[in-house]
1. Do the sum for the chain: with -39,500 (n - 2.57) for every DSSP H run of n ≥ 4, divided by all residues, what is the mean residue ellipticity at 222 nm, to the nearest 500 deg cm²/dmol?
2. So which trypsin sites (Lys or Arg not before Pro) in the range 46-150 pass both tests, a DSSP loop state and at most 13 other Cβ atoms within 10 Å of the Cβ?
3. Cα to Cα, under 17 Å, and not fewer than 8 places away if on the same chain: which lysines meet these conditions relative to residue 87?
4. Figure the gain on full extension for residue 39 and residue 126 (residue separation times 0.36 nm, minus the Cα-Cα span) and round it to one decimal in nm.
5. Report D for the chain in µm² per second (integer): Stokes-Einstein, Kirkwood Rh on Cα pairs, 25 °C, 0.890 mPa s.
Amino acid sequence: MAIDSQGLPQYGRRRAEAMSAEIDMGLRRYMLKVYNFMAAGLGVTGLVALLAISTGLYQQIAGTPVMWVVMLAPFAAVLFLSFRIQKMSLGAAQATFWTYAALMGLSLAGIFLVYTGISVARVFFISAATFAAMSLYGYTTRRDLSRFGALLFMALIGVVLASLVNIFIGSTALQFAVSVIGVLLFTALTAYDTQRIKEIYLGDDEIEIQDKKALLGALTLYLDFINLFVMLLNLMGQRRQ
């Protein structure tokens, strides 16, 4: 029997290398699904936002009670998908995700009335570059980011509560502080969530289970990106005169 320099049978080493390569390939396919779902969701959101503005739909519902439904519906869709996805079929889960992305597009359409189109595009590309860099870091780093999870979660709760309070008091200073902290938070969350999504991959999962995991991962990263974009827009967006 042939023995390598480490004292292992050569055929055993080749088998281990082949299994490792297969796992790596499966992980890449899995992460590609995550990013494809996320990108498609962002595409749906952007398209719906543009259509809502160009057709006047957003202008018609703005300032009416329907707007509260539009603003709260995406939150309800996220909760429904997060807690029910294991019992849903893959088709139903995907339909819920696309519906959520469309509702987000309708709720965010107002940014085109507040900010110039050029500044929206500029901030979008800045957000995309920041997201890509941090997601790549989260995917490739050997540093364990899970130890920051509790801190990031507490910061997220703080940002959400401060944002809700500011809806009623309308403080410019508080909005600025929330936006700055939010940019730092969602930048860090992008790396943290990417590593977490990567680590829950199991090569022996059934295809449908992998697709559901990829869909939930895409939802998580989608939320990181959207929030990062909105926070940066609050800081860097050029308002219409």
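Here, each number is a calculation from the coordinates, and none is a lab measurement. Please read all numbers here as calculations on a predicted model, not as lab measurements. Note that each Cβ is placed from the backbone with ideal geometry, even for glycine, and that neighbours are counted across all protein chains shown.
1. Mean residue ellipticity, 222 nm, calculated: -28000 deg cm²/dmol.
2. Here the sparse-neighbourhood loop sites are 142, 143.
3. Reachable lysines: 212, 213.
4. Taking residue 39 through residue 126 to full extension adds about 29.8 nm, to one decimal.
5. Estimated diffusion coefficient is 123 µm²/s.
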